[in-house]
2 protein chains.
Amino acid sequence: MSSTSTTAAFDTRVSAYLQRLERSMDAILPPASTDPQRLHEALRYACEGGKHLRALMVYAAGETLGVDAERLDAAACAVELIHAYSLVHDDLPGMDNDDLRRGRPTVHKAYDEATAILVGDALQTSAFEVLAISAALDDAQKVQMIRALALAAGSLGMVGGQAVDMASENLTLTLAQLESLHARKTGALILVTCQLAAIAANASETVRNTLEHYGRCIGLAFQIQDDVLDQIADTATLGKTAGKDLAQHKSTFPSLLGLEQAQQRAHALFDEARNAARSISGHADALLWLADHIQQRDH
Amino acid sequence: MSSTSTTAAFDTRVSAYLQRLERSMDAILPPASTDPQRLHEALRYACEGGKHLRALMVYAAGETLGVDAERLDAAACAVELIHAYSLVHDDLPGMDNDDLRRGRPTVHKAYDEATAILVGDALQTSAFEVLAISAALDDAQKVQMIRALALAAGSLGMVGGQAVDMASENLTLTLAQLESLHARKTGALILVTCQLAAIAANASETVRNTLEHYGRCIGLAFQIQDDVLDQIADTATLGKTAGKDLAQHKSTFPSLLGLEQAQQRAHALFDEARNAARSISGHADALLWLADHIQQRDH
């Protein structure tokens, strides 16, 4: 575990990073009054709320590698846009059919289904746009980032994981299958936060590999924790429907390992992530803080 | 009108360009046997068929500017991927709810709704990926192309036009409103084919502006023709449901102008496009052929 002093230190920077994110989002999304107004209102609605852990990971990884925050802004914004688009589409009636997200009606509930489809589509476009128009990155970095983000988001990454997840309802998966599913569905976008920071830093391959190991451990631990929270937390705390996995007859880490063993596995992965962070730098406070912060979340 | 000899000349190159497109598509889309198989099968299904007019416009515009075909491949593939994604999502039950596309069942009919949502999402990702990984373009060109494509595809372009179109059902638009709607919904992606070719050519601003004028004329003429065909052609010829505009109480160019005047307007726009093409180069055979070819289409 990181010491109290370093934890406090990064804690004071988190709100500044979240403000940077908000400014980037505000700059890339057209004003809500832009024609077509309903679409642009809904685009902003879809990006409100949330914990922005992925953006914070970009900043934390970048800070650890000594990158100026302005060279991380586009990447932080891009991963949040991809994440937001995936939530809007996952919640659609044709997918998970969910009414609640981040404690509020989902986009297709607050607006309508057609708008929600288009909102997801436009958010994805904006993710690539924000990288392409960044004034702080050189063209080589932009291209590498777009390539990494596309690989993480596409049919071999997040979208592929979502497809496997839907096909796996009512099936009992092996632990290896479940880990592979989540490495794509949620892991790929968490991992890419580390890759984007490494690109912004022009990091060596060794540093990049270690940072990716941190990202993979956090990604898997995050998902195990998600499964645990789905089982033990209530809907009000989660801000989304609780108990969904059981209702959809999905294999989860608690269902395969038991609740206690699942929690132990997540604990071990957070420790492994912290060890990876420490081996990158003696000043990995930000990555250590983030591991602690994610480990302690209750929603 | 272009002379018979130049028409024949480009005609012989069309099949070579379409083969290049097919190779690019085959390279960017994972094999259908890739896990998750159903998703990857559906991704390829969604890209089969079609006239590939947008890809041909990239090649025709690039050829006119003296660009090697290999520096146009990624752009041609990217616009077709964006087009294919937009069709898959437009056909969804939550949008136009269409069963037929390119003479075959739509993706959500041939597979299922969740798969169709994910297919559209992954195709859009691939469009940006194919530009980012091109071996024939330099990084500055890739970034400019990604930026142009994002602007054309996003909430200020194609997706915004689709939102306006859906909001306009049962409304009578003015001609200016209808033109503005289609400048976004179909025009933006046709226009960007010219912009991408100009970027590949590192063209001067004057050339780029004239080429854009060609693209805007073709885009609007194309849409007027689409409205005319929806009214006069049958479903078998169109390969998609005919008579939809009337059924959905949509304003169309024939409904606002009358059928004959709409046809005359399209005719004048095709002439204007040809004049723009001729003013770019004395060897604009490809662009002239394409204007003729689109003008003569019956579906």
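Where a number appears in this text, it was derived from the coordinates with a stated rule and is not lab data. Everything numeric in this text was worked out from a predicted model, so none of it was measured. Cβ: placed from backbone, ideal geometry, glycine included. Neighbour counts: every protein chain shown.
Per residue of A:83-92, what is the mean number of Cβ atoms on other protein chains within 10 angstrom of that residue's Cβ?
Values: counts 0, 0, 2, 2, 0, 0, 6, 3, 0, 5.
That average works out to 2.
Of the peptides A:270-276, A:159-165, the ranking by mean beta-carbon count within 10 Å, highest at the top, reads A:159-165, A:270-276. Counting neighbouring Cβ atoms within 10 Å and putting the fewest first, the residues B:250, A:109 line up as A:109, B:250.
Please give the calculated 222 nm ellipticity per residue for chain B, where each DSSP H segment of at least 4 residues contributes -39500 (n - 2.57) and the sum is spread over every residue; nearest 500 deg cm²/dmol? Walk me through the numbers on the way to the answer.
Details: 16 runs with 210 residues, N = 299.
Here the helix-only value at 222 nm equals -22500 deg cm²/dmol.
Note that the protein assembly as shown shows a convex hull volume over its alpha carbon atoms of 140 Å³ per residue.
Using 1/(1 + (r/R0)^6) with R0 = 22 angstrom and r between the beta carbons of residue B:297 and residue B:19, what's the FRET efficiency to the nearest 0.05? The computed FRET efficiency comes out at 0.60.
Beyond 24 Å in Cα-Cα separation lie the following of the pairs A:185/B:51; B:109/B:240; B:51/B:109: A:185/B:51.
Can you give the average number of partner chain beta-carbon atoms within 10 Å of each beta-carbon in peptide A:158-165, as a whole number?
On the way: counts 4, 12, 8, 1, 7, 13, 4, 2.
Average per residue, whole number: 6.
Summing charges over all other residues whose Cβ lies under 14 Å from the Cβ of residue B:263, with Lys and Arg as +1 and Asp and Glu as -1, gives -4. Across peptide B:141-148, the mean count of Cβ atoms from other chains lying within 10 Å of each residue's own Cβ comes to 5. Projecting 7 Å from Cα along the Cα-to-Cβ direction, the label point of residue A:109 sits 3.2 nm from its equivalents in the other copies, listed shortest first.
Remark: spin-label model distance residue A:268-residue B:271 equals 7.8 nm, labels positioned 7 Å along the Cα→Cβ axis. Residues A:235, A:206, A:252, A:106 in ascending order of nearby Cβ atoms (within 10 Å, fewest first): A:206, A:235, A:252, A:106.
Between residue A:175 and residue B:260, the FRET efficiency from the beta-carbon distance, with R0 = 60 Å, is close to 0.30. The relative contact order of chain B, computed from alpha carbon pairs under 8 Å that lie at least 6 residues apart in sequence, is 22 percent. Label-to-label distance for residue B:109 and residue B:247 is 1.0 nm, based on points extended 7 Å past Cα in the beta-carbon direction. With semi-axes defined as the square roots of five times the eigenvalues of the C-alpha gyration tensor, the equivalent ellipsoid of chain A measures 27, 26, 17 Å, largest first.
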